[in-house]
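Participant: Let me begin by handing over the structure; questions about it come next.
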Amino acid sequence: MQFFMSWEEKYQKGEVFWDRGEASLPMKQYLERHLVSGRALVPGCGRGHEVALAAGLGLDVIGLDIAPTGVAEAKARYPELAERFMVGDLFDPPEAMRGVFDVVLEHTCMSALPPELRADYRRGIDLLLRPGGLLIGVWFINPELDPGYEGPPYPFSVEALTGLFAEGYEVVADYVPEVAFEGREGRERLRVLRRLG
Ligand SMILES: C[S@@+](CC[C@H](N)C(=O)[O-])C[C@H]1O[C@@H](n2cnc3c(N)ncnc32)[C@H](O)[C@@H]1O
């Protein structure tokens, strides 16, 4: 409950330092260069920029976020997509969402979670993504935190990402993107994982 309140409070107070007002540039570049189709989910969608990106490219996309104010702001920012934004918990997703997604689009959801919740993140993805589906992630590998600041974002290494999805997934793309928001250059990793059947 405390964790939930903290995200909701951040939106209520307008303390959304992570929001750049547009979709992730590496995610946009990847989706424009590769044919990705079907039902898609953006976990921790925040104000909804990746949902708008995916919808614009023809994906049947849903954004899920635990913070009601974040979801309300996404609906206000993208009213034509309002029915695509839902309040919900990635760790306990609605029954109707389980196993139905061909694609999950990850952007700054996992890095928002303290390390002890990463296994829950993985379980959430497993519940939502169908076997054979793609987890397309812009993973915030190196947040370079100020001394004494603990997060969010919470740093994780490429090795930790590899370990989290070592079983049950295969890597189908993996590189440091050449595009990034200012200040995130060289600190993100585009990695696409396919869930094995
Ligand atoms: C750092 S923000 C990123 C938002 C958005 N992806 C972006 O890049 O602008 C992390 C988001 O994850 C959401 N979140 C945290 N835990 C969640 C959970 N268990 N289920 C769904 N959303 C969650 C927060 O409410 C917040 O909107």
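Participant: For the range 75-197, with every protein chain kept in place, what is the accessible area per residue (1.4 Å probe, Å²)?
Facilitator: Value for the range 75-197: 48 Å² per residue.
Participant: Would you mind telling me the antiparallel percentage of the DSSP bridges in the range 66-197, rounded to 5?
Facilitator: Antiparallel bridges: around 70 percent, rounded to the nearest 5.
Participant: Taking R0 as 25 Å, what's the FRET efficiency between S157 and L117 from their Cβ-Cβ distance, rounded to 0.05?
Facilitator: That gives a FRET efficiency of 0.90.
Participant: In the chain, carbon and sulfur make up what percent of the accessible area (probe 1.4 Å)?
Facilitator: The computed percentage sits at 51.
Participant: What's the magnitude of the charge dipole for the range 36-159 around its Cα centre, counting Lys and Arg as +1 and Asp and Glu as -1 at the beta-carbon? Answer in Debye, nearest 20.
Facilitator: Dipole size: approximately 340 debye.
Participant: For K13 and E150, what is the calculated FRET efficiency with R₀ set at 22 Å and r taken between the beta-carbons, to the nearest 0.05?
Facilitator: Result of the calculation: an efficiency of 0.70.
Participant: Another question, if that's okay. Any lysines with Cα under 20 Å of the K75 Cα? List them, leaving off those in the same chain fewer than 8 positions away.
Facilitator: K10, K13
Participant: Let me ask you something else. Would you mind classifying the chain by shape? Square roots of the alpha carbon gyration tensor eigenvalues, ordered a ≥ b ≥ c; an a/c under 1.5 is rounded, otherwise it is prolate if a/b is larger than b/c and oblate if not.
Facilitator: In terms of gyration-tensor shape, rounded.
The values are calculated or read from the model by the stated rules, or taken from the named source; none is laboratory data. Model, not experiment: these values are computed from the prediction. All Cβ positions, even for glycine, are placed from backbone atoms using ideal geometry, and neighbour counts span all protein chains on display. Just so you know, the surface numbers come from the protein's heavy atoms only, side chains and all, with ligands and any DNA or RNA stripped out. Shrake-Rupley method; radii C 1.70, N 1.55, O 1.52, S 1.80 Å.
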